[in-house]
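First the structure, in the form of structure tokens, and then the observations on it.
The values are calculated or read from the model by the stated rules, or taken from the named source; none is laboratory data. Just so it is clear, the model here is predicted, and its values are computed rather than measured. Using ideal geometry, Cβ is built from the backbone for each residue, glycine included, and neighbour counts are taken over all protein chains shown.
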Amino acid sequence: MSLQYITDYTGAHTAVVIPINEWEEITHKHEDLKKMEEAFVPPTSKPAIKLSDYAGELSNETADVMLSYVAESREEWEERTNKQL
């Protein structure tokens, strides 16, 4: 997999760019990701899907990964905020 990392001014990774063909393979294997992707596609003739429609749809593993990411983001935010004070 040929990933590209986006970093902030300190060199910390903040995002990952995945080639579209590899993303399509991943979403083909994991339907819950495909559903989430569809929710964020720019509006078309069909109505947008609300995040609340996904209640109970994520696997426990995916939910744990997402919660971990949120916790890490909060910690990073707190560290940056404390450095600015």
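Of all residue pairs spaced 6 or more apart or on separate chains, those with beta-carbon atoms under 7 Å, a first member in region 59-85 that is closer than 30 Å to LYS29 by Cβ and a second member that is in a helix (DSSP H, G or I) are SER59/ASP32; THR62/ASP32. Any idea which residue in region 21-60 is modelled with the lowest pLDDT, counting only those that are in a helix (DSSP H, G or I) and of a type in the set (Phe, Trp, Tyr)? Residue satisfying both the conditions and the ranking: TYR54. Screening ALA15 on (1) at pLDDT 85 or above; (2) loosely packed, with under 10 Cβ neighbours inside 10 Å; (3) outside any strand (DSSP E or B) shows it passes everything except condition (3).
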